[in-house]
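The structure appears below as structure tokens.
Derivation of every value follows stated rules applied to the coordinates shown; laboratory data play no part. Note that the coordinates shown come from a computational prediction; the quantities given were computed from them, not determined experimentally. Please note: Cβ atoms are built from the backbone with ideal geometry, for glycine as well, and neighbour counts cover all protein chains shown.
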């Protein structure tokens, strides 16, 4: 029988896992901001290099692009926290707005295929990720310098956002290309699907599927395992980080009685450590 008192380090492991998740989320947000900045810089360069504008007009347009980006930067945090759902048409319109300067003054011909207006609204996280995916793909194609035309299409089947991106480049892309790694990571983080097909000399197609609903959340341990009232009390205190002696004092029982109850809960839950119990007892664990 496992000794619960030997498993205190499992709580440190749980805290470390939470810290890693926080760092991963910060890294994701940083990466999203980075590719937005990259689009702005590419747009400014496209304006300044454009042969369609004279010097005065190009400077004015570059200033306008940069000023718009600053406004977007200042409001991005508020939007991220306040927007829960975005109509699919509105989310696509924001994507077009992000890419408009690059499309207008760059050498890349970007064609947008509008999603159906009746499509289901997108959760904020999915909408942000979808725009980031498309921006990353367009930047990758710009960097490669081989594509002259890109077609971007969004659709919705009721359960998923379907993103299609096709170019007329060399047709040599694979899912393992470094330029596509940010896209694959975002798709994986949302439990989506990512596929790349390429035909040499004819171009490449990216097909991305992003679920609109989060995965089913497992029920807390106390709701799926038959526990006595006392075992539920012990489990709650274990999950809070309390050790056997503290639990015994709070419940007015002996430490050996607490150890007995903890061992029973471990056995019923089919786990070996207090840390696993703590994780399983939390909603969404």
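A few notes on this one:
- Distance between the modelled labels on residue 49 and residue 260, one decimal in nanometres: 7.8 nm (7 Å Cα→Cβ projection).
- In terms of the mean number of neighbouring beta-carbon atoms within 10 Å, the peptides 85-91, 199-205 order highest first as 85-91, 199-205.
- Overall form of segment 217-280 per C-alpha gyration tensor (a/c, 1.5; a/b vs b/c): prolate
- Burial order of peptide ranges 184-192, 159-167, 172-180 (average beta-carbon count within 10 Å, highest first): 159-167, 184-192, 172-180
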